[in-house]
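The values are calculated or read from the model by the stated rules, or taken from the named source; none is laboratory data. If you're wondering where the values come from, they're calculated on a predicted model, not measured in any experiment. Cβ sites come from the backbone with ideal geometry, for glycine too, and all protein chains shown count toward neighbours.
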2 protein chains.
Amino acid sequence: MIELAFSKGGGLLPAVVQDAATGRVLMVAYINQEAWEKTLETGEAHYWSRSRNELWHKGGTSGHVQKIREILVDCDNDTVLFRVEQVGGAACHTGYESCFYRRVDARGEATVTGRKVFDPRKVYGS
Amino acid sequence: MIELAFSKGGGLLPAVVQDAATGRVLMVAYINQEAWEKTLETGEAHYWSRSRNELWHKGGTSGHVQKIREILVDCDNDTVLFRVEQVGGAACHTGYESCFYRRVDARGEATVTGRKVFDPRKVYGS
């Protein structure tokens with residue numbers, strides 16, 4: 001069993017999440033040892049929520065779970081890449097397909113370029 | 001000009017780096033305000049090296065610079081996505097195209113699946 005370098009990130013490491021079908025980068029979230037083991041065990045992405053300070057089964061509220069298609073690990077064992085099937089077609093709580101829905105130009109100005117898939121008020125309530 | 005949430009990461013935020021042509025995720029590195037501004041200004045990826053504790057112009061030693069094709073920012077302003085042209089065809093110091101050159105199976109066992117592009121001994125010296 002591979003040992004991830006959790007100590008390097010104070011117990012948390014980033015997980016990059018990519019849509020396995022389209023190749024789009026959907027989000028970055030954080031895992032601890034427990035989230036890592038739950039992900040391997042269940043085949044669905046689990047993270048550690050830094051804002052709620054708890055284990056987070058992505059999609060537990062919205063139904064938009066991430067089914068693991070492939071897991072890759074980087075050269076330093078301090079970042080993982082989850083290639084997933086994103087149920088519902090959107091990873092971002094804002095309703096966009098990807099959390100990376102804004103493009104930044106050379107002057108640092110941001111413009112929305114992403115695709116909105118759902119209305120968050122209808123999924124999470126108002 | 002967009003303000004990234006550098007304070008959230010103690011001054012550093014992760015940058016996911018994706019090959020703009022193939023969609024492959026190449027690496028994750030960290031930026032501070034200085035690296036962010038240098039990247040916008042020069043159109044080549046700059047990071048903050050956590051091991052050397054200094055500004056890092058990726059490719060400065062190997063010539064394998066990353067030409068910025070597009071920058072995206074996430075919903076929380078705490079992660080950026082650099083879509084790049086990877087000069088030399090490899091992002092990883094090990095000579096693999098991507099730092100994510102190992103696949104992890106459900107039991108947590110890692111297997112090399114990536115493609116080696118160069119011999120690091122020839123690029124960096126022995």
Exercise for review: Answer with yes or no whether B:VAL73 is at the interface with another protein chain (Cβ under 7 Å from one of its Cβ atoms) and of a type in the set (A, V, I, L, M).
Suggested key: yes
Revision key, fill the gap. Subset of the stretch A:5-15, residues under 16 Å from A:ILE68 (Cβ atoms) and either within 9 Å of chain B (Cβ to nearest Cβ) or free of Cβ contacts under 8 Å to residues at least 12 places away in the same chain (or both), comes to none
Review point. Which members of the stretch A:61-88 meet the condition of being under 13 Å from A:THR42 (Cα atoms) and without any contact (Cβ under 8 Å) to a residue 24 or more places away in the chain?
Key: A:VAL65
Exercise for review: Could you please tell me which pairs satisfy a Cβ distance under 6 Å, a separation of 6+ or placement on different chains, a first residue in the stretch A:102-126 that is of a type in the set (S, T, N, Q), and a second residue that is surrounded by 12 or more Cβ atoms within 10 Å (Cβ to Cβ) and modelled with pLDDT of 95 or more?
Suggested key: A:THR111/A:ARG103; A:THR113/A:ARG103
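Test of understanding: among B:VAL73, B:VAL104, B:VAL117, B:VAL112, which residue is among the β-branched types (Val, Ile, Thr), farther than 28 Å from A:GLU97 by Cα and at pLDDT 95 or above?
Details: B:VAL73 fails: farther than 28 Å from A:GLU97 by Cα; B:VAL104 fails: farther than 28 Å from A:GLU97 by Cα; B:VAL117 fails: at pLDDT 95 or above.
On inspection, the qualifying residue turns out to be B:VAL112.
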Practice item. Determine, yes or no, whether A:ALA29 is of a type in the set (A, V, I, L, M) and in a loop (DSSP other than H, G, I, E, B). Key: no
Point to revise | the stretch B:16-49, subset exposed (fewer than 14 other Cβ atoms within 10 Å of the Cβ) and among the charged types (D, E, K, R), residue nearest to the other protein chains (Cβ to nearest Cβ) | key: B:GLU41
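For the subset of the stretch B:74-119 comprising residues that are of a type in the set (Gly, Ala, Ser) and out of contact with any helix residue (DSSP H, G or I) (no Cβ under 8 Å at 6 or more places or on another chain), which member is surrounded by the fewest Cβ atoms within 10 Å (Cβ to Cβ)?
B:GLY89
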**Study point:** Given (1) at the interface with chain A (Cβ under 10 Å from one of its Cβ atoms); (2) in contact (Cβ under 8 Å) with a residue 24 or more places away in the chain; (3) touching a strand residue (DSSP E or B) at 6+ places or on another chain (Cβ under 7 Å); (4) under 22 Å from A:PHE82 (Cα atoms), index of the condition B:THR94 fails
**Key:** (3)
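Which residue, of B:LYS67, B:LYS58, is touching a His at 6+ places or on another chain (Cβ under 9 Å) and of a type in the set (Lys, Arg)? Steps first, answer last, please.
Details: B:LYS67 fails: touching a His at 6+ places or on another chain (Cβ under 9 Å).
Checking each option against the conditions leaves just B:LYS58.
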Exercise for review: With respect to B:GLY125, determine if the residue is touching a Gly at 6+ places or on another chain (Cβ under 7 Å), of a type in the set (Gly, Ala, Ser), away from chain A (no Cβ under 14 Å) and over 21 Å from A:ARG69 (Cβ atoms).
Suggested key: no
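Mind checking which residues of the stretch B:69-118 are under 25 Å from B:GLY10 (Cα atoms) and of a type in the set (D, E, K, R)?
In the first step, residues of the stretch B:69-118 are kept if they are under 25 Å from B:GLY10 (Cα atoms); the result is B:71-83, B:99.
Within the stretch B:69-118, B:ASP74, B:ASP76, B:ASP78, B:ARG83 meet the criteria.
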Exercise for review: Would you mind telling me which numbered condition in (1) surrounded by fewer than 17 Cβ atoms within 10 Å (Cβ to Cβ); (2) within 16 Å of B:PRO120 (Cα to Cα); (3) under 12 Å from the mean Cα position of the chain (by Cα) B:GLY59 fails?
Suggested key: (1)
Review point. Residues of the stretch B:74-126 being in a strand (DSSP E or B) and either farther than 24 Å from B:TRP48 by Cβ or more than 17 Å from the chain's Cα centre (by Cα) (or both), which ones?
Key: B:ARG102, B:ARG103, B:VAL104, B:ALA110, B:THR111, B:VAL112, B:LYS116
